[in-house]
Protein chains: 2
Amino acid sequence: MRRFFGKIEDDFAVIEGEEFAHLKNVLRMKEGDQIVVYNKSEIEFLCKIKELKKEFALAKIEKQNICPALPKKNITLFQAVTKRDNFELIVQKAVELGVKRFVPFLSEYCSAKEFVNKKERIEKIVLGACKQCECSVPMIVENVVSFDDMLRCASKHNLLLFANEREGDNFDFLSLKNAEDIAIIVGPEGGFSEIEKEKILEINSKSVSLGKRILRSETASIVLVGMVSILSGN
Amino acid sequence: MRRFFGKIEDDFAVIEGEEFAHLKNVLRMKEGDQIVVYNKSEIEFLCKIKELKKEFALAKIEKQNICPALPKKNITLFQAVTKRDNFELIVQKAVELGVKRFVPFLSEYCSAKEFVNKKERIEKIVLGACKQCECSVPMIVENVVSFDDMLRCASKHNLLLFANEREGDNFDFLSLKNAEDIAIIVGPEGGFSEIEKEKILEINSKSVSLGKRILRSETASIVLVGMVSILSGN
C-alpha cells in the first residue's frame with residue numbers, strides 16, 4: 001500500500017503539498033483508494049481517501065497501530081561530510097537500516113568543506129526512504145558540527161565504533177546483541193589524519209577493521225551500519 | 001601510490017590506452033614517479049616510470065609481491081538485474097567487498113528486461129573499483145542468465161544465502177567463519193514472485209532476513225555481501 005506523510009486531525013488524515021501532488025498527479029489515486037499515512041509519530045494510520053480537494057486530500061482513518069518497522073535500538077551515525085552524491089546515498093541507506101540520529105561533521109580531509117546543509121533536500125531524502133522502508137518516524141539529521149564537537153557528542157555513547165580501515169581490530173560483532181545504544185564514526189573520502197585518529201581512540205572508541213581492501217567512505221558507512229543494525233537486532 | 005592496469009613484459013610494465021591517458025593527461029605523472037601495476041594476476045608490481053612515449057608508458061619493475069588484498073573466500077553474487085544506476089553501484093561495491101564472481105540474472109519483476117550487458121562499461125567499473133580497493137585480480141562478471149539458469153548454477157554451491165526480506169530466518173552469521181565457498185542470491189527492485197521464492201528455497205538455500213524494514217535491492221545486496229565478506233574473514 002502507498003505511504004504518505006500528512007497531518008492527523010481527529011478521525012482524518014490531511015495530505016498536502018508535495019505529498020498531495022505525488023498522490024494526485026503522479027500516482028493518480030482516487031477517492032476510495034486505501035493508503036497508509038504517517039505523521040512522524042510511532043503510529044501508522046490506515047486510511048481510505050474520502051475527498052480530493054484542489055490543495056489537499058482528506059482520508060478517513062480506518063485503523064491505527066504501532067508501526068512494526070520502528071528501530072528498536074538507539075543507533076547514532078557520526079558521518080564525515082563526503083561528496084554530495086555519496087552523502088545523499090549514505091543518508092538514504094542510514095534511514096533504511098534504522099539509524100535514529102545522523103550527525104554530519106567536518107574533518108581535515110573532507111573534500112567538501114563548502115558543504116551547505118541543504119536541510120530541505122536532505123529531509124526529502126529522509127522522508128522518501130521512510131516511506132520506502134515503511135518506517136513512520138524519520139531519522140533525525142543534525143546540523144553539521146566541527147570535528148571537536150563531534151568528539152564531545154560521540155564520547156557520551158557507551159559503545160562507540162570507529163571504522164578504521166585496515167588498521168582496525170577484529171571486533172566481536174556478536175557482542176552487539178545486547179547493546180541498546182550504539183554510535184558509529186565514519187570518516188570522509190580522504191580518511192582521518194593521524195592526529196584525528198588518535199583523538200578518536202582517546203575517547204574510548206572501538207576501532208573496527210572492515211577487511212584488507214580499502215573501502216570507499218560510503219561503502220564503509222553502509223556496510224558497518226548494516227552489520228550493526230542487523231546483528232544488534234535493530 | 002597510484003595503481004594502473006597494464007601488461008608485464010620481462011622487467012617492464014607497459015601502460016596503454018585509457019590507463020595511459022589517465023596517467024599522462026589527468027594525473028600528469030612524470031618519468032621517475034613510482035606506480036603500482038596490476039596485470040589481472042595475483043601479483044602486484046611496484047614500478048618506476050622510465051619513459052613516457054606517445055601511445056604508452058614504460059615502467060621498470062622494482063619489486064613484486066602477492067597482492068595483500070586478494071579475497072580469501074570464494075564468494076559468488078547472483079544479482080537480479082536492477083535499474084542501471086543501482087546495478088552499477090552494486091557491481092562497484094561487490095568488487096570492494098571481495099566478491100569473486102558476479103552473475104546477473106533476469107526474473108519476473110525485473111524492471112529492466114531490456115538490459116543490455118554493456119560489457120565495456122561494467123568492466124571499466126570493475127577495474128576502477130579494483131584500483132580503489134587495491135585488489136589486483138578483477139571480479140569475474142558473467143553474461144546475464146535466465147532465472148532457471150541462475151538456479152542451476154546456484155544449486156551447485158554448498159552454502160547459498162537468499163536475501164528474503166522480512167520473511168527470512170534468523171541466520172547465524174557466525175557459521176560463516178569456516179565457510180570457504182558462499183553464494184548469495186539477491187532479487188530485483190520488485191522482489192521475487194511467490195513461485196520464484198519457492199524455487200529458490202527448493203534448491204536448499206538459506207533464507208536470510210535483513211530486518212523488519214524493507215530494504216532496496218541495492219541496499220540488501222551491499223549489506224548482505226558486506227556481512228558475508230567481513231564475517232567470513234574474506
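The values are calculated or read from the model by the stated rules, or taken from the named source; none is laboratory data. This structure is a prediction, so every number in the text was calculated from the model and none was measured. With ideal geometry, Cβ positions are generated from the backbone for all residues, glycine too; neighbour counts draw on all protein chains shown. Each accessible area value is taken on the protein alone, full model and side chains, heavy atoms only, with ligands, DNA and RNA left out. Shrake-Rupley method; radii C 1.70, N 1.55, O 1.52, S 1.80 Å.
Please give the charge dipole size of chain A, origin at the Cα centre, charges +1 on K and R Cβ atoms and -1 on D and E Cβ atoms. Round to the nearest 20 debye.
Using Cβ point charges on Lys, Arg, Asp and Glu, chain A gives about 640 debye.
Just to compare against my own numbers: the Cα pair-distance distribution for region B:75-136, 5 Å bins, whole % per bin, please.
4, 18, 30, 26, 14, 6, 2, 0
Ignoring trypsin sites (Lys or Arg not before Pro) that are buried or in helix or strand per DSSP, and keeping those with at most 16 other beta carbon atoms within 10 Å, what is the longest stretch of chain B between them?
Value returned for the longest uninterrupted segment is B:157-234.
Can you give the percent of C-alpha pairs in region A:1-125 whose distance is more than 19 Å?
Summing the P(r) of region A:1-125 above 19 Å gives 57 percent of all pairs.
If you take all C-alpha pairs in chain B, what percent of them are over 27 Å apart?
More than 27 Å apart: 40 percent of the Cα pairs in chain B.
Measuring from a point 7 Å out along Cα→Cβ, what nm distances, shortest first, does residue A:148 have to its partners in the other copies?
6.8
Share of antiparallel DSSP beta bridges in the protein assembly as shown, in percent to the nearest 5?
Around 45 percent antiparallel, to the nearest 5.
Taking the Cα centre of the protein assembly as shown as origin, sum charge times position over the Cβ atoms of Lys and Arg (+1) and Asp and Glu (-1), and report the length of that vector in debye to the nearest 20.
Taking the Cα centre of the protein assembly as shown as origin, the dipole is about 380 debye.
Could you tell me the total accessible area buried at the B-A interface, probe 1.4 Å, in square angstrom to the nearest hundred?
3000
I want the antiparallel fraction of DSSP beta bridges within chain A, as a percent rounded to 5.
Here the antiparallel bridges make up roughly 45 percent for chain A.
With chain A treated as a Gaussian network of Cα nodes joined by springs under 10 Å, which of A:150, A:29, A:139 yields the largest mean-square fluctuation?
Most flexible of the set in this elastic network: A:29.
Loop-only check: which GluC sites (Glu not before Pro) in region B:150-197 are DSSP coil with at most 12 other Cβ within 10 angstrom?
Passing sites in region B:150-197 are B:180.
Over 26 Å between Cα atoms: which of A:63/B:212; A:7/A:156; A:73/B:131; A:30/A:72; A:131/A:206; B:93/B:119 fall into that group?
Violating the 26 Å Cα-Cα cut-off are A:7/A:156; A:73/B:131; A:30/A:72; A:131/A:206.
Enumerate the whole-percent occupancy of each 10 Å bin, from 0 to the last occupied one, for all C-alpha pair distances of region B:3-66.
With 10 Å bins starting at 0, P(r) equals 25, 61, 14, 0.
Give me the percent relative contact order of chain A, please, defined on Cα pairs under 8 angstrom at least 6 residues apart.
Averaging sequence separation for qualifying contacts and normalising by length gives 20 percent for chain A.
Compute the Cα gyration tensor for region B:97-232, then decide on rounded, prolate or oblate, letting a ≥ b ≥ c be the square roots of its eigenvalues: rounded whenever a/c is under 1.5, prolate when a/b is larger than b/c in the other cases, and oblate in all that remain.
Note, shape of region B:97-232 comes out oblate.
Rounded to the nearest 20 debye, what is the charge dipole size of region B:1-91 about its Cα centre when +1 sits on each Lys and Arg Cβ and -1 on each Asp and Glu Cβ?
So the dipole magnitude of region B:1-91 works out to roughly 260 debye.
Starting from the exponent 0.38 and prefactor 2.2 Å, build the expected Rg for the protein assembly as shown from its residue count and divide its actual Cα Rg by it.
Cα-based Rg divided by the globular estimate yields 1.05.
Given label points at 7 Å from Cα along Cα→Cβ, what nm distances, shortest first, separate residue A:40 from the same residue in every other copy?
Nearest to farthest, the other copies are at 5.3 nm.
Residues with amide H under 5 Å of residue B:161's amide H, sequence separation 5 or more or different chain, H placed in the peptide plane at 1.01 Å from N; which?
Residues meeting the amide H criterion: B:183, B:184, B:185, B:206.
Say the dipole of region B:74-231 comes from +1 at the beta carbon of Lys and Arg and -1 at that of Asp and Glu; which of B:158, B:129, B:80 then lies farthest toward its positive end?
In region B:74-231, that residue is B:129.
How many Cβ atoms of partner chains, on average, are near each residue of A:214-220 if near means within 10 Å of its Cβ?
That average works out to 5.
GNM on chain B, C-alpha springs below 10 Å: top fluctuator among B:223, B:99, B:186?
B:223
Leaving ligands, DNA and RNA out of it, report the carbon-plus-sulfur percent of the accessible area of the protein assembly as shown at a 1.4 Å probe.
Ligands and nucleic acids excluded, carbon and sulfur reach 48 percent.
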